[in-house]
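What follows is a short report on a single structure.
The values are calculated or read from the model by the stated rules, or taken from the named source; none is laboratory data. Model, not experiment: these values are computed from the prediction. Quick reminder, even Gly has a Cβ in these numbers, built from the backbone with ideal geometry, and neighbours come from all protein chains shown. Surface areas here come from the heavy atoms of the whole protein model, side chains and all, with no ligands, DNA or RNA. Shrake-Rupley method; radii C 1.70, N 1.55, O 1.52, S 1.80 Å.
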Amino acid sequence: MKKRINSPLLVGILSLLALFSGANLGELKEITKPHLGVYECTEARLAEQNFLDRFDKIELELNADETFTLYYCEKGGRMRKENGRYQYDREKETLTLMGGPLRKEFPLKQGMLTLYFTMGKEPLMLIFKQKS
């Protein structure tokens, strides 16, 4: 004789277990830490001058171990990279980058990261969009 499960709570838990049984750890990590991944620079301005067209690539990768890698390649040049550490604050929706003498907090909202610095007397702004 088969027993039936009469508890709605137990049925719900079993359904969730079945749903996530096929999920790998990488997918769960993306759900719990949505800031992880690669961000592509979509805008780069020094003062009022657009300089993104001088580069083949500018990307920022945020890793699970709270390190970042900035990849960049000037037109016709070779790929370069810089490394550092970061801290993500989910409540404030900010990312603090730490590398060399740099320790600065930037807004990271809905997959958009805006970096703003002063280079000499000129403002530098980089906007990164998270890749899907």
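Restricting attention to segment 88-117, which residues are charged (D, E, K, R), in contact with a strand residue (DSSP E or B) (Cβ under 8 Å, 6 or more places away or on another chain) and either assigned to a strand (DSSP E or B) or loosely packed, with under 11 Cβ neighbours inside 10 Å (or both)?
ASP89, ARG103, LYS104, GLU105
Evaluate segment 125-132: report whether one residue or more is open to solvent by 90 Å² or more (accessible area, probe 1.4 Å), free of Cβ contacts under 8 Å to residues at least 12 places away in the same chain, among the small types (Gly, Ala, Ser) and not in a strand (DSSP E or B). Talk me through it step by step, then tell me what you get.
Filtering segment 125-132 down to residues open to solvent by 90 Å² or more (accessible area, probe 1.4 Å) leaves 129, 131-132.
Keeping just the survivors that are free of Cβ contacts under 8 Å to residues at least 12 places away in the same chain gives 132.
With among the small types (Gly, Ala, Ser) added as a condition, the list becomes 132.
With the extra rule that they be not in a strand (DSSP E or B), the set shrinks to 132.
There is at least one residue in segment 125-132 that is open to solvent by 90 Å² or more (accessible area, probe 1.4 Å), free of Cβ contacts under 8 Å to residues at least 12 places away in the same chain, among the small types (Gly, Ala, Ser) and not in a strand (DSSP E or B).
Among the residues of segment 87-102, how many are more than 15 Å from the chain's Cα centre (by Cα) and within 16 Å of LEU126 (Cα to Cα)?
1
Restricted to segment 34-87, and to residues that are among the small types (Gly, Ala, Ser), open to solvent by less than 50 Å² (accessible area, probe 1.4 Å) and without any contact (Cβ under 8 Å) to a residue 24 or more places away in the chain, which residue is nearest to MET112 (Cα to Cα)?
Among those residues, the one meeting the criterion is GLY84.
When only residues in segment 110-130 that are at pLDDT below 95 and charged (D, E, K, R) count, which is nearest to ASN63 (Cα to Cα)?
Per the criteria, the residue is GLU122.
Residue by residue through segment 99-116, note down the ones that are within 19 Å of VAL38 (Cβ to Cβ) and touching a residue at least 12 places away in the same chain (Cβ under 8 Å).
So in segment 99-116, the residues within 19 Å of VAL38 (Cβ to Cβ) come out as 99, 106-115.
Selection gives GLY99, PHE106, PRO107, LEU108, LYS109, GLY111, MET112, LEU113, THR114, LEU115.
Taking PHE20 as the residue in question, decide whether it is touching a helix residue (DSSP H, G or I) at 6+ places or on another chain (Cβ under 9 Å), loosely packed, with under 14 Cβ neighbours inside 10 Å, modelled with pLDDT under 90 and among the hydrophobic types (A, V, I, L, M, F, W, C).
Working: touching a helix residue (DSSP H, G or I) at 6+ places or on another chain (Cβ under 9 Å): yes; loosely packed, with under 14 Cβ neighbours inside 10 Å: yes; modelled with pLDDT under 90: yes; among the hydrophobic types (A, V, I, L, M, F, W, C): yes.
Here the answer is yes, as PHE20 does meet what is asked.
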